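The structure appears right after this line, and notes come after that.
Nothing in this text is a laboratory measurement; each read-out follows from the coordinates by a stated rule. Source: prediction; values computed, not measured. All Cβ positions, even for glycine, are placed from backbone atoms using ideal geometry, and neighbour counts span all protein chains on display.
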Amino acid sequence: MKVKGNIIKARIAFVKERFGQPALEKVLAALPEGDRQQLVRATNVGWYEFELGDRLDKAIVSALGGGNTKIFEEMGRASARENLTTVHASFLEPRDPQKFMAKAPLIFRFYYDTGQRTWEPTGPTSGMLITSGSETFSTADCATVMGWYQEALGMLGAKNVVIVEETCCAQGGDACRYKVSWS
């Protein structure tokens with residue numbers, strides 16, 4: 001499975017912006033030389049092996065997160081702010097949270113090359129976001145997805161956004177299921 005370079009670039013930018021250049025250097029130093037070379041040359045439009053991003057995620061958690069993947073929810077929020085105010089701003093139109101969530105399959109394709117993501121509304125301000133068929137997955141990536149959608153919904157005016165991952169492929173589930181609600 002491959003991921004779009006803007007995912008990798010957003011993680012690197014987040015580390016540098018949130019923790020500073022020395023922290024980024026610490027994260028990169030924890031990775032093999034080949035990974036470091038790919039990461040510093042990554043482009044927003046390139047496709048990269050999921051495993052490269054996974055190794056980057058693990059280095060971030062180890063070096064900066066004290067082993068806690070919650071840092072990735074914050075990273076997901078930062079990524080949404082970056083991408084949804086620039087290259088993917090059109091996803092926010094019309095300014096309707098349900099219509100935005102219905103675009104989940106399309107949005108997924110911009111970031112991942114295998115698998116799928118669907119949105120199943122369960123009420124006017126709730127639904128189930130489901131990712132399935134991915135060849136690779138990680139707890140960190142799921143946390144990033146949760147933060148990304150939380151921020152995106154907030155950008156659309158949704159309040160009290162709650163996203164709970166009910167099942168996770170990285171934890172042995174058959175799909176990643178996120179229960180989403182807002183007011």
Placing unit charges on C-beta atoms (Lys and Arg positive, Asp and Glu negative, everything else neutral), compute the dipole magnitude of the chain about its Cα centre in debye, rounded to 20.
420
In Å and whole numbers, how far do the C-alpha atoms of the chain stretch along each principal axis, longest first?
48, 33, 30
To make sure I understand, if each residue's beta carbon is the centre and we count other beta carbons within 10 Å, what order do PHE110, PHE72 fall in, fewest to most?
PHE110, PHE72
Mean ellipticity per residue at 222 nm, deg cm²/dmol - from DSSP H runs of n ≥ 4 across the chain, formula -39500 (n - 2.57)
-15500 deg cm²/dmol
Multiplying the sequence separation of THR118 and ALA29 by 0.36 nm and subtracting their Cα-Cα distance, what value in nm do you get?
28.3 nm
Count neighbours as other Cβ atoms within 10 Å of each site's Cβ, and list the trypsin sites (Lys or Arg not before Pro) in region 72-114 that are DSSP loop with at most 12 such neighbours.
ARG95
Give, rounded to the nearest 20 debye, the magnitude of the charge dipole that region 107-183 has about its Cα centre when Lys and Arg contribute +1 at Cβ and Asp and Glu contribute -1 at Cβ.
260
Contour minus Cα-Cα span, LEU64 to THR86, at 0.36 nm per residue, comes to 5.2 nm
Distance (nanometres) between label positions extended 7 Å along Cα→Cβ at GLN171 and MET1
1.7
Along the positive direction of the dipole of the chain (beta-carbon charges: Lys, Arg +1; Asp, Glu -1; about the Cα centre), which of TYR112, GLY127, PRO22 reaches farthest?
PRO22
Amide H proximity to GLY173 below 5 Å, modelled H, separation 5+ or other chain, gives CYS168
Label point 7 Å out from GLU17 along Cα-to-Cβ: which residues of region 66-88 have amide N under 13 Å?
74-87
